[in-house]
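Where a number appears in this text, it was derived from the coordinates with a stated rule and is not lab data. Small disclaimer: the values here were computed from a predicted structure and weren't measured. Methodologically, a virtual Cβ is constructed for each residue, glycine included, from the backbone with ideal geometry; neighbour enumeration extends over all protein chains shown.
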Amino acid sequence: MSKQEVDRLFELPPEEFTAARNELARRLKDDGNASAAADVKQLTKPSVATWAINQLAREQQGAVKLLLESAARLRKAQENALKSGGTGDALRRAQADERKALRELTQEAQAILERSGRSASSTIRDKISSTLRAAAVDEAGRAALKAGRLTGEVKPSGFDVFAGVELPAKASRRSAPARDDELAERRRKKDERESKRRELEKRARELTARANEDAKKAERAETEAGKARRAADKSRREADDAAAELDAFDP
């Protein structure tokens, strides 16, 4: 089985995926490659949203690369924010860069859907944006996104976004008196680390939820602003036409 054969499956319109996948699996099995046939048979038909994202990976490789890079910078900035307990300009810049990359890719995905005669509703655009955001910070998701082989909407994984954070070192207490049990001291430190880990997980979840909600609000506001500009342009054209008609009117 060649990489090109599998890539071809993900280039097809969603309604053609299943039949083409089954045909490829059958052919591989007939050729004596049962293992590859089984792997192909397990491939899941992409949704309309993930199909559009897979086409982005082929048509907008540079933009997808920018998203992956901005997501990596955002993750690093979030890790630093967790360590320092603040936010800072670096985090705000990273958030703005990631939102910009997501917004541009979502717009490109909308154009792909419209060219193919498919719906580009706000629900589908939201799914595209959230899937792009989640895939960009998930190891398997990044690989599937770059390859254009996403099969499902990647869900935000909460604290996984902040994986790899080294917990801030807690100021160590002065050694207990010699009579204190060394095992008890180790247990105390372990409890402190576990408590700190739970605290960071909670904060990470709250920050992730707030960032996702803020991004959705920003995207909705931009969509509404675009509609308002188009409505204003239409009204202006109608007003100009009416004025021209009035000028030409000869009672």
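Worth a mention:
- Sorting THR18, THR50, THR208 by the number of Cβ atoms found within 10 Å of their own Cβ, with the fewest placed first, yields THR18, THR208, THR50.
- For the cross-link pairs LYS76/LYS216; LYS76/LYS227; LYS189/LYS217; LYS76/LYS202; LYS65/LYS127, the ones whose C-alpha atoms lie over 30 Å apart are LYS76/LYS227; LYS189/LYS217.
- Cα lying deepest toward the dipole's positive end in the stretch 1-114, options VAL48, ALA94, ALA36, charges on Cβ: ALA94
- Relative contact order %, the chain, counting alpha carbon pairs below 8 Å whose residues are six or more apart: 20
- Partner aspartates and glutamates whose Cα lies under 15 Å from the Cα of LYS100, excluding those fewer than 8 positions away in the same chain, are identified as GLU69, GLU108, ASP126, ASP214, GLU219, GLU222.
- Read-out semi-axes √(5λ) of the Cα gyration tensor in Å, derived from the coordinates shown; its label in [x] 29, 25, 15; [y] 46, 34, 12; [z] 32, 21, 19: [y]
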